[in-house]
Amino acid sequence: MSDFIFAPADQPSLPIAGAADRFPVRRIFCVGRNYAAHAAEMGNEVDRDAPFYFTKSAYALLQSGQDMPYPQATHDLHHEIELVVAIGPSVGLTNPPADEVAIFGYAVGLDMTRRDLQAAAKDGRKPWDTGKDFENAAIIGAITPAEGALLDAAHIRLDVNGDLRQTAPLSDMIHSVKAIIAHLSTLYHLRSGDLIMTGTPAGVAAVVRGDKLVGIVDGLEPVTTTIV
């Protein structure tokens with residue numbers, strides 16, 4: 001066994017609702033502009049032919065219930081509430097049929113965004129990494145196993161300090177969960193532990209220190225954090 005010059009970082013993981021085991025997180029893929037109303041509020045058009053993606057490091061993960069320190073290098077931190085899909089064991093298919101996608105479960109997540117840095121990157125035709133992938137930028141709740149999740153008629157919502165900020169039926173997603181996974185697997189070999197954040201509805205806005213965020217998808221464990 002090889003020695004390391006310093007101790008490796010702990011494996012990022014999430015709790016599983018109703019279980020003592022934890023879900024090890026490998027990668028975090030994010031779908032952009034998957035709700036038409038959100039794309040419109042950001043001044044963008046939607047691509048109905050295929051989804052597009054950006055990524056967050058697994059080490060950007062913050063578990064629900066923990067405080068989020070206000071990040072450095074920004075004055076415009078935004079919330080984006082999202083349904084999260086957790087890919088299950090023994091997955092390695094390339095371009096799987098939509099009815100053969102192996103989904104372990106679902107969770108509620110917050111794609112926190114340094115909007116000013118993202119806007120500057122867009123203006124310069126540069127990648128979004130600094131606006132999207134930073135410490136604590138993926139806040140995710142406990143994963144509900146797929147067999148216990150009834151999402152066909154579910155809604156997603158986010159409250160900030162008790163006031164409603166974002167809400168929509170999941171059916172408003174331009175690209176469904178199965179369509180996203182079928183397309184994403186043509187670009188990457190999806191593996192156990194991968195997460196997919198499926199996009200956010202309209203109503204994104206800034207948060208400041210002291211704000212308490214509570215995100216809900218019907219039938220799933222909520223995601224909560226306070227900005228400090």
* Tell me, what % of the accessible area of region 1-91 is carbon and sulfur with a 1.4 angstrom probe? -> 51
* Assuming a ≥ b ≥ c are the square roots of the Cα gyration tensor eigenvalues, decide whether the chain counts as rounded (a/c under 1.5), prolate (otherwise, with a/b larger than b/c) or oblate. => rounded
* **Residue among PRO12, PRO69, PRO145 with the largest mean-square fluctuation in a Gaussian network model of the chain, springs linking Cα atoms under 10 Å** => PRO69
* GNM top mover of GLU80, GLU45, GLU135 - the chain, alpha-carbon springs below 10 Å -> GLU45
* To do: List the lysines whose Cα lies under 20 Å from the Cα of LYS126, skipping any in the same chain that are fewer than 8 positions away.
  => LYS56
* To do: Using a 10 angstrom cutoff on alpha carbons, build the Gaussian network for the chain and name the most mobile of ALA20, ALA58, ALA202.
  => ALA20
* About the Cα centre of the chain, what is the dipole size in debye to 20, counting +1 per Lys and Arg Cβ and -1 per Asp and Glu Cβ, all else neutral? -> 360
* Structure fact -> Expressed per residue, the solvent accessible area of region 1-74 in Å² (1.4 Å probe) is about 61
* Structure fact -> When the charge dipole of the chain is computed with +1 on Lys and Arg Cβ and -1 on Asp and Glu Cβ about the Cα centre, the Cα farthest towards its positive end, among VAL177, LEU150, THR55, belongs to THR55
* Using modelled backbone amide H atoms (1.01 Å from N, in-plane), which distant-in-sequence or interchain residues come within less than 5 Å of HIS155's amide H? -> LEU170, ASP218
* Would you mind putting 106-112, 188-194, 31-37 in packing order, based on average other-beta-carbon counts within 10 Å, highest first? => 106-112, 31-37, 188-194
* To do: Over region 129-228, average the accessible area per residue using a 1.4 Å probe and give it in Å², no decimals.
  => 41
* Asked: R0 = 35 Å: FRET efficiency of LYS126 with ALA206, Cβ-based, nearest 0.05?
  -> 0.95
* Förster radius 35 Å - calculated FRET efficiency between GLN72 and ALA9, Cβ distance, rounded to 0.05 -> 0.95
* To do: Would you kindly derive the ³J(HN,Hα) couplings of region 107-114 from the backbone phi angles with the Karplus curve 6.51 cos²θ - 1.76 cosθ + 1.60 (θ = phi - 60°), listing them in order in whole Hz, with x for Gly and Pro?
  => 8, 10, x, 10, 8, 6, 9, 7
* Asked: Between region 167-208 and region 133-150, how many Å separate their Cα centres?
  -> 12
* Asked: What nm value, rounded to one decimal, do you get for the distance between HIS189 and TYR59 when each label is placed 7 Å out toward the C-beta?
  -> 2.4
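The values are calculated or read from the model by the stated rules, or taken from the named source; none is laboratory data. Quick caveat, the model's predicted, so the values are computed rather than measured. Counting neighbours? That spans all protein chains shown, and the Cβs are built from the backbone with ideal geometry, glycine included. Protein only, heavy atoms only, side chains kept; ligands, DNA and RNA dropped before computing areas. Shrake-Rupley method; radii C 1.70, N 1.55, O 1.52, S 1.80 Å.
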